[in-house]
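A short write-up of the structure that comes next.
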Amino acid sequence: MNTSDLPGFPHFHFQGGQMYAEGCALEDLAQAHGTPLFVYSKASMLAALGAYQKGFAGRNARICYAMKANSSLAVLQVFAKAGCGFDIVSGGELDRVAAAGGDLSKVIFSGVGKTRAEMQKALAAGIACFNVESDAELEVLSSVAQGLGKRAPVSIRVNPNVDAKTHPYISTGLKGNKFGVAHENALKTYQRAAQLPGLRVVGIDCHIGSQITQATPYLDAMDRILDLVHDIEAAGIPIEHIDFGGGLGINYQGDTPPPADDLWAQLLRKLDARGYGKRLLMIEPGRSLVGNAGVCLTEVLYLKPGEQKNFCIIDAAMNDLPRPAMYEAFHHITPITETTGSGLTYDVVGPVCESGDWIGRDRALNVKAGDTLAVLSAGAYCMSMSSNYNSRGRAAEILVDGNAAHVIRHRENPAQLMAGEVLVG
Ligand code: LLP
């Protein structure tokens, strides 16, 4: 049997002409559970986490999985068991960490629009830190904490005004973005935080964007953050932890981000040189821990030749895989049974009634109706951003662990879709 790895997609490979996730043949999973079907490799998630852990070895460091990338309970459980904390952005995400058995004292809470109710819930849960994004939020958090007789641990999210060189929708650290406090105002905000009775300053954080494939933006942001740490501490406000925000990008289409341990070697050299290497260091990776650990299996429903375009109509759609419609994002698409011959060039589209419902454009595919395709790099920002548009139930999810395939989410049924709705009269 010949085996070939899929470069850039660790733990997925072809063997005997069939695509596997670890020890499980994807065609068997598609037959047993139906499509669309998300399939994740646990080993791939742990390998990705391992690169960050290796980078931080011997340091006082915490990896907080940015669960917005994939918040399915069994995925959270994998990272909780591996010792991760969690970066959350809503009360709903906090509930999920608790349901997955995560350690709430390792949770950090980011986001520009935390409500009072969410603050109360997070304070009651005893989370590690609120990443505060504005002066107004600081005042509200202090009064909410005082009302509970508590002091909220805070870090200010500083906007370092560094270009992450990524898609404008996922770039967050520039002056025009809604996120964080401007670098030049940060010292004033820290001084206010230190005066407020309901707050306890514990750290500093930044986040410059997502799908970052170069080390330079991280190194530039770190320089600017360390300058600030110096000034804040000179003003008498100690900073216990430094949080560098989200993680690296992944290979979607030949992208070549540095390995996480290489990036950290560079960042730690700078931290050590500037005397901050012994601080508690934090990072909030999402995409890089799960993105290439997942595929979405989908059946070819119809081939529709056209005058200008050929369409390959599949049973997954923009409600399952929203990234192409939202960001014109690229995902590799491959038949899961190896084929020979080049076939035709297709636009791969879903059944949703929108021209924006495309998953891949101009793809050479040798396929026929009934074949199963895998959409790669589907572990991050797919299920967590999925919707019920066109009254389509959410897909099922499988977590593969060696030869075992665990159903971690059942396909959503019509009753679940309509639960909570009420007819009038
Ligand atoms: N921390 C904060 C405060 C964030 O806003 C994010 C992502 C992360 C961490 C994780 O970043 P990562 O390691 O995944 O790059 N839906 C978009 C991505 C949006 C990212 C938003 N923030 C996509 O599908 O490309």
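Data table
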| quantity | calculated |
| --- | --- |
| Cβ pairs under 6 Å, 6+ apart, first in the stretch 73-85 and surrounded by fewer than 19 Cβ atoms within 10 Å (Cβ to Cβ), second assigned to a helix (DSSP H, G or I) | Leu73/Ala99; Ala82/Leu49 |
| Residues of the stretch 23-49 classified as touching a helix residue (DSSP H, G or I) at 6+ places or on another chain (Cβ under 9 Å) and open to solvent by 10 Å² or more (accessible area, probe 1.4 Å), total | 5 |
| Matching residues, the stretch 201-256, being near the ligand (Cβ under 10 Å from one of its atoms) and not hydrophobic (A, V, I, L, M, F, W, C) | Asp205, His207, Gly209, Ser210, Gln211, Asp243, Gly245, Gly246, Gly247, Gly249, Tyr252 |
| Unmet criterion (only one of (1) open to solvent by less than 20 Å² (accessible area, probe 1.4 Å); (2) closer than 25 Å to Met67 by Cβ) for Ile237 | (2) |
| Criterion: surrounded by fewer than 20 Cβ atoms within 10 Å (Cβ to Cβ), in contact (Cβ under 8 Å) with a residue 24 or more places away in the chain, closer than 21 Å to Cys382 by Cβ and not aromatic (Phe, Trp, Tyr) - qualifying residue of Ile313, Ile359 | Ile313 |
| Residues within the stretch 330-352 that are surrounded by fewer than 19 Cβ atoms within 10 Å (Cβ to Cβ) and within 21 Å of the chain's Cα centre (by Cα), tallied | 1 |
| For His183: the one exception among (1) open to solvent by less than 60 Å² (accessible area, probe 1.4 Å); (2) at pLDDT below 95; (3) within 16 Å of the ligand (Cβ to nearest atom) | (3) |
| Matching residues, the stretch 262-318, being of a type in the set (S, T, N, Q) and part of a loop (DSSP other than H, G, I, E, B) | Gln308, Asn310 |
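The values are calculated or read from the model by the stated rules, or taken from the named source; none is laboratory data. Fair warning: this is a prediction, and the values are worked out from it, not measured in the lab. Positions of Cβ are backbone-derived with ideal geometry, glycine not excepted, and every protein chain shown enters the neighbour counts. What goes into the accessible areas is simple: the full protein's heavy atoms, side chains included, and nothing from ligands, DNA or RNA. Shrake-Rupley method; radii C 1.70, N 1.55, O 1.52, S 1.80 Å.
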